[in-house]
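Only one structure is covered here, and it is reproduced in the block below.
No lab work stands behind these numbers, since they all come straight from the coordinates. Source: prediction; values computed, not measured. In this analysis, Cβ positions are derived from the backbone assuming ideal geometry, glycine residues included, and neighbour counts consider all displayed protein chains.
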Amino acid sequence: MRSVVVGGGVAGLAAAIQLAADGHEVLLAEQRDTLGGRVRMREKSRWLLDPGLHLLRRKGAMNQLLRKLRAPRVLGPRWNSHDFNPIGCDKRRALEALTTMSTEPAPGKIPHFVIPRGGWSSLVGRMIAAGNQVGVTFNSGSTAESLTLGSSGKLSSVRISGKEIECDAVVIATPPRVSARLLETAGLDPAPLVACTEQRVAALDIALEGRPMRPYSGLFDDESGVIAVDMTSPDRIPEGADSESCTILHAVNLSGDGPDALAQIKELLDSRCSGWRNMTSTRRSTESVMLHPCSQNQRVDASKHIEAGIGLAGAHVISNYHLSDAAVDTGRAAAKALTKSR
Ligand SMILES: Cc1cc2nc3c(=O)[nH]c(=O)nc-3n(C[C@H](O)[C@H](O)[C@H](O)COP(=O)(O)OP(=O)(O)OC[C@H]3O[C@@H](n4cnc5c(N)ncnc54)[C@H](O)[C@@H]3O)c2cc1C
């Protein structure tokens, strides 16, 4: 079976590995020059300063995949949730915010978190290596433009950067708006995807020559919605530096995006992590980045187009997981459903 995966984020990578492992001939098209999607490595100076919080759930879908790929050690040490400091709320509420990265309540058990060794880039690197091992063809710098169905109503080809690629199945692992546009090109109903409203946040990633958050491992301020974690990990600090005297902090404002949201993050750090500005070696701030492609109740049912040979994947697809775990879970589920439907 010839299959195309559109999108080279963690959802697309998980789908491609699964399809190839199940015997498909797989082409993955990614419009950017690098794979990894939103978790792409962005190194600055001597530090490995990947974007985002980097906390993964110890028993999440990403962990399960890494174990299958015989790379459990990529998921590194446990993050110390004991010293997570809730401000204006109880610890349970703060940990719920961390679990879902939202201010919505999260019923159920709070997971244990781990810090991936080498950051997001090592996770993505391991997934690319696995894809290569099972024969996935990676086409970065290629944009999927449209889908074509045959007279039987089943997928016949995907147009990628001006070329018609014949195939039997596709996993669309792109943000909802792009996925909706692609479905529309095949005359399929994009309505549930169009209804997804992106949740954007302000974020700040800082490499520090100092440990200003001590004795805490993280902070959550219920009033502003700012969450900040100390991600000290020996493999992410410059060579020769002492992990006891430097660290990386990642912070997001779960209440929203824009200049005021970014200012609130800095205000919280000013009040709780005294001296952080003078300790900063390098930092990256963004006033607006998409954290969730939709709200929890807008997640879409991916089974609708499976019979036509079209699967959907990403954190906007129904799953028991959140964030990157939802992306991995839905990528693998779409691949398995397509294999089963043939
Ligand atoms: C600030 C921040 C902090 C985060 N922290 C955490 C955390 O601590 N733990 C956690 O688990 N998750 C975290 N996440 C969430 C995690 O990063 C995402 O859930 C995950 O990366 C989503 O992966 P994806 O593959 O679904 O989507 P994406 O990464 O968005 O990938 C989609 C890909 O599709 C490509 N594409 C789009 N259109 C086309 C087209 N037409 N043709 C070809 N390719 C196309 C894009 O270029 C992109 O590479 C964080 C996110 C942010 C923004």
Quick test of your reading: applying the under-4.7 Å Cβ rule, which cysteines of the chain are isolated? Cys89, Cys167, Cys246, Cys273
Once the in-chain neighbours fewer than 8 apart are removed, the lysines whose Cα is under 27 Å from Lys59 read Lys68, Lys91, Lys109, Lys336, Lys340
Enumerate the amide H contacts of Ser288 below 5 Å, restricted to partners 5 or more residues apart or on another chain; note that Pro and chain-start residues carry no placed amide H. Ala203, Gly258
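In terms of the Cα gyration tensor, with a ≥ b ≥ c the square roots of its eigenvalues, is region 1-79 rounded because a/c is under 1.5, prolate because a/b exceeds b/c, or oblate?
Note, shape of region 1-79 comes out oblate.
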Cα-based Rg / Dmax (Å) for region 99-154: 19.2, 50
Could you compute the net charge surrounding Thr143? Neighbours are other residues with a C-beta less than 15 Å from the C-beta of Thr143; K and R count +1, D and E count -1. +1
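How do 193-205, 325-337, 146-158 rank on mean C-beta neighbours within 10 Å, highest first? If you can, show how the numbers build up before the last one.
Details: 193-205: 19.8, 325-337: 25.9, 146-158: 16.2.
Sorting 193-205, 325-337, 146-158 by mean packing, highest first, produces 325-337, 193-205, 146-158.
List Val226, Val300 from most exposed to least, where exposure is judged by having the fewest other Cβ atoms within 10 Å. Before the final figure, lay out each step's value.
Numbers: Val226 27, Val300 23.
So the residues, fewest neighbours to most, are Val300, Val226.
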Placed amide H near Asp230: partners under 5 Å, 5+ positions off or other chain: Gly218
So how much slack lies between Glu184 and Gln298, counting 0.36 nm per residue of separation and subtracting their Cα-Cα distance, in nm? 39.1 nm
Sorted by chain and number, the residues with a modelled amide H under 5 Å from that of Gln199, at a separation of 5 or more or across chains, are Leu291, His292, Cys294
Percent antiparallel among DSSP beta bridges confined to the chain, nearest 5, equals 65
Compute the distribution of all C-alpha to C-alpha distances in region 110-189, in bins of 5 Å from 0, and list the percent of pairs in each, rounded to whole numbers. 3, 12, 17, 19, 14, 13, 10, 7, 4, 1
In degrees, nearest 10, range 0 to 90: what is the angle between the Cα axis of helix 259-272 and the longest Cα principal axis of the chain? 40
Projected convex hull area of the chain, Cα atoms, direction-averaged, in nm², equals 16.6
For region 93-110, take each phi angle, set θ = phi - 60°, evaluate the Karplus expression 6.51 cos²θ - 1.76 cosθ + 1.60, and give the result in whole Hz per residue in order, putting x for glycine and proline. 5, 5, 6, 5, 4, 5, 5, 9, 6, 7, 8, 6, x, 10, x, x, 6, 7
Using a Gaussian network for the chain with springs between C-alpha atoms less than 10 Å apart, which of these wobbles most: Ala129, Ala16, Ala313? Ala129
Applying the gyration tensor rule to the Cα atoms of region 216-342 (axes a ≥ b ≥ c; rounded if a/c under 1.5, else prolate if a/b exceeds b/c, else oblate), the class is prolate
Pairwise centroid distance, computed over Cα atoms, of region 122-182 with region 1-77, Å: 15
Sort 25-32, 258-265 by packing, meaning the average of other beta carbons within 10 Å per residue, with the highest value first. 25-32, 258-265
When the chain is treated as a GNM, springs tying every alpha-carbon pair under 10 Å, which of Gly108, Gly119, Gly131 comes out with the largest mean-square fluctuation? Gly108
Through the Karplus equation 6.51 cos²θ - 1.76 cosθ + 1.60, θ set to phi - 60°, convert the phi angles of region 223-231 into ³J(HN,Hα) values in whole Hz; use x for Gly and Pro. 5, 8, x, 7, 10, 9, 10, 9, 10
